[in-house]
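Chemist: If you scroll down you'll find the structure; I have some questions about it.
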Amino acid sequence: MSASAIIMMCVGFGITWGGAALCLRIALGARG
Amino acid sequence: MTQREQWGSRLGFILAAVGSAIGLGNIWRFPYMAYENGGGAFLIPYLFAMLTAGIPFMILEFTLGHRFRGSAPKALASIGRRWEWLGWIQVMVATTIAVYYVAVVGWTISYTGFALSGAWGEDPKAFFFGEFLGLTSGALELGSLRPTILGAVALAWAVTWLACVSGVRAGIERAGKVLMPVLFLLVLVFTLRVVWLDGAAQGVNWLFTPDFSRLTDYRVWVAAYGQIFFTLSVGFAIMIAYSSYLPARSDINNNAFMTVFINCGFSMLAGVMIFSVLGYMAARQGVPLSEVAGGGVGLAFVTIPTAINLMPMPVFFGTLFFLSLTMAGMSSHISIVEACISAFMDKFGWSRKTTATSLCLAGFVISSVFCLGGGLYVLDIVDHFANNLGILGVALAEIFLLSWLCRLEVVREHANSVSEFAVGAWWTICLRYLSVGILALLVVLNLYGDLTAPYGGYGSTELLAYGWTVIAACVLLGLALRATSGRPGFAVKHDASLRGES
């Protein structure tokens, strides 16, 4: 795979699943 | 007055909302759309649209349901009785989608069975259009009923009925808690296996290699916003109904962010899965990817079965793939039907059992049209009009109403007051200007396209009979239901603060 394709794939997965993980962390943090 | 049903847990609500958003489109629409619109570069407008339109719209719908504790007609009637019609048109659009969407779910159920025996044989195209659908020569020749499809559609309606009639907690929430984890597991297993096949990496490379020159084409941005509006189940009554079952002390903003992120993340995963298969198929057949790449019904029922024939363990892969489609389709169908059920229960005070049973039975009867030999044509036309004019039209009307005729700040204050984190003024700006502008552009472009060139090469009689008439029926039935008197107490508490009158 080309470097640019790998970078874009990481951007896509990073923002979506990274965002979901961050939200989950906030939710768990709020619950204490 | 009886207490409104509530979700049993936050996880249950999120899984149900994610289950509604994740549907067949995530698997067969997003990957090809990304590939066609600049590959990896498409992710830039797509993710931008997700942040500036998808998340703000989701927060708006969650807030409406949570604040007014009612389905779309009730929520909109609570803002002002004169807006109830919009909620009913949304429900009618949802009903239209429910009756044809279930036909596709019926196909995926049938194909799950076919995968076990490899029933599509060496020529999946001939099998799908000929033996399975019994496709007639045109949309005006409806042909005869296909018993296999009718049986599968009846099964899909029965599952939806069972989930809806059992109630929010015991039915819909439980279905989400089973369907979503199983769907993710199936797609993950399938993807982790297919990425190691010869040519799969090349397929994924094709999907994600960016062509940044495409970013200057406004159509790519329009396609990205369109995909976001379609994929999230927003704008046609579903998310308002689902969030109306939230307890008073519930987060809104974080739940909306999570739902959207998971939905779009799933689309990425589906993209890797589909393009791994296409890359493998192209490599095995020695043809360029452009020859095998595609989307929609052709991808799912012709291209993928052809690829599965070439794979090791075709029974395993075939069953996994079509079971995934069935799970994704079922969870979405349950949510669409629930949006309609909750609206009728709110307005007329009917019991859940009566409403769910009547709607599912009526829905099944109407769905049988799509089980005829010419059903695919009818489905194609109805789908085109329901999506491109129906959903986008009512979504535009809802955002315009809330952001230009009401005080959107009140909605934001409500969401922030119960959420784990607050959204700033960007939320208002995104909805008031960006979402309204882009949706208006989409509606105008689609309307212009449909008025100047007949969709899909169909004749004007077919388009009039199955397209324009269905849209007109949605509007007229919506207005009729608005005019019908409901149970006493329906939306009597008008929210003057939202209209800027307090």
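The values are calculated or read from the model by the stated rules, or taken from the named source; none is laboratory data. Everything quoted here is computed from the prediction, not taken from an experiment. Here the Cβ is made from the backbone with ideal geometry for all residues, glycine too, and neighbour counts use every protein chain on show.
Chemist: Do we find that B:Ile238 is within 14 Å of another protein chain (Cβ to nearest Cβ), touching a helix residue (DSSP H, G or I) at 6+ places or on another chain (Cβ under 6 Å) and within 30 Å of A:Leu24 (Cα to Cα) in this structure?
Modeler: Judged against the criteria, B:Ile238 is not a match.
Chemist: Would you say B:Ala328 is assigned to a helix (DSSP H, G or I), in contact (Cβ under 8 Å) with a residue 60 or more places away in the chain, away from every other protein chain (no Cβ under 14 Å) and surrounded by 23 or more Cβ atoms within 10 Å (Cβ to Cβ)?
Modeler: Judged against the criteria, B:Ala328 is a match.
Chemist: Follow-up question, since we're still on this one. So B:Ser403 ticks every box in (1) in contact (Cβ under 8 Å) with a residue 60 or more places away in the chain; (2) surrounded by 20 or more Cβ atoms within 10 Å (Cβ to Cβ) but one. Which box is left unticked?
Modeler: Failing condition for B:Ser403: (1).
Chemist: Could you grab me the full set of residues in region B:395-410 that are in contact with a Leu (Cβ under 9 Å, 6 or more places away or on another chain) and part of a helix (DSSP H, G or I)?
Modeler: Hits for region B:395-410 are B:Ala395, B:Leu396, B:Ala397, B:Glu398, B:Ile399, B:Phe400, B:Leu401, B:Leu402, B:Ser403, B:Leu408, B:Val410.
Chemist: Step by step: first the residues of region B:301-316, then only those that are within 24 Å of the chain's Cα centre (by Cα) and aliphatic (A, V, I, L, M), then the one that is surrounded by the most Cβ atoms within 10 Å (Cβ to Cβ). Which residue is that?
Modeler: B:Ile304
Chemist: State all residues of region B:13-42 that are within 14 Å of another protein chain (Cβ to nearest Cβ) and either free of Cβ contacts under 8 Å to residues at least 40 places away in the same chain or more than 20 Å from B:Ala293 (Cα to Cα) (or both); if no residue qualifies, say none.
Modeler: B:Phe13, B:Ile14, B:Leu15, B:Ala17, B:Val18, B:Ala21, B:Ile22 - these are the residues of region B:13-42 that are within 14 Å of another protein chain (Cβ to nearest Cβ) and either free of Cβ contacts under 8 Å to residues at least 40 places away in the same chain or more than 20 Å from B:Ala293 (Cα to Cα) (or both).
Chemist: I need the full set of residues from region B:178-197 which are more than 14 Å from chain A (Cβ to nearest Cβ) and either under 19 Å from B:Ile14 (Cα atoms) or assigned to a loop (DSSP other than H, G, I, E, B) (or both), in order please.
Modeler: B:Val178, B:Leu179, B:Pro181, B:Val182, B:Leu183, B:Leu185, B:Leu197
Chemist: Oh, and also: Output yes when any residue across region B:226-235 is more than 11 Å from the chain's Cα centre (by Cα), assigned to a helix (DSSP H, G or I), away from chain A (no Cβ under 14 Å) and farther than 28 Å from B:Ala98 by Cα, and no when none is.
Modeler: No - not one qualifying residue is present in region B:226-235.
Chemist: What is the number of the single condition among (1) at pLDDT 80 or above; (2) part of a loop (DSSP other than H, G, I, E, B); (3) buried (at least 18 other Cβ atoms within 10 Å of the Cβ) that B:Ser485 does not meet?
Modeler: Condition (3) is where B:Ser485 drops out.
Chemist: Going by what's in this entry, would B:Asn263 be described as assigned to a helix (DSSP H, G or I), in contact (Cβ under 8 Å) with a residue 40 or more places away in the chain, within 14 Å of chain A (Cβ to nearest Cβ) and more than 28 Å from B:Phe321 (Cβ to Cβ)?
Modeler: No: the conditions fail for B:Asn263.
Chemist: Let me ask something else about it. I need the full set of residues from region B:92-147 which are surrounded by fewer than 18 Cβ atoms within 10 Å (Cβ to Cβ), polar (S, T, N, Q) and touching a Leu at 6+ places or on another chain (Cβ under 9 Å), in order please.
Modeler: Passing the criteria: B:Thr136, B:Ser144.
Chemist: Further question: So B:Arg82 fits all but one of (1) more than 22 Å from the chain's Cα centre (by Cα); (2) assigned to a helix (DSSP H, G or I); (3) in contact (Cβ under 8 Å) with a residue 60 or more places away in the chain; what number is the exception?
Modeler: Going through (1) more than 22 Å from the chain's Cα centre (by Cα); (2) assigned to a helix (DSSP H, G or I); (3) in contact (Cβ under 8 Å) with a residue 60 or more places away in the chain one by one, B:Arg82 breaks only (3).
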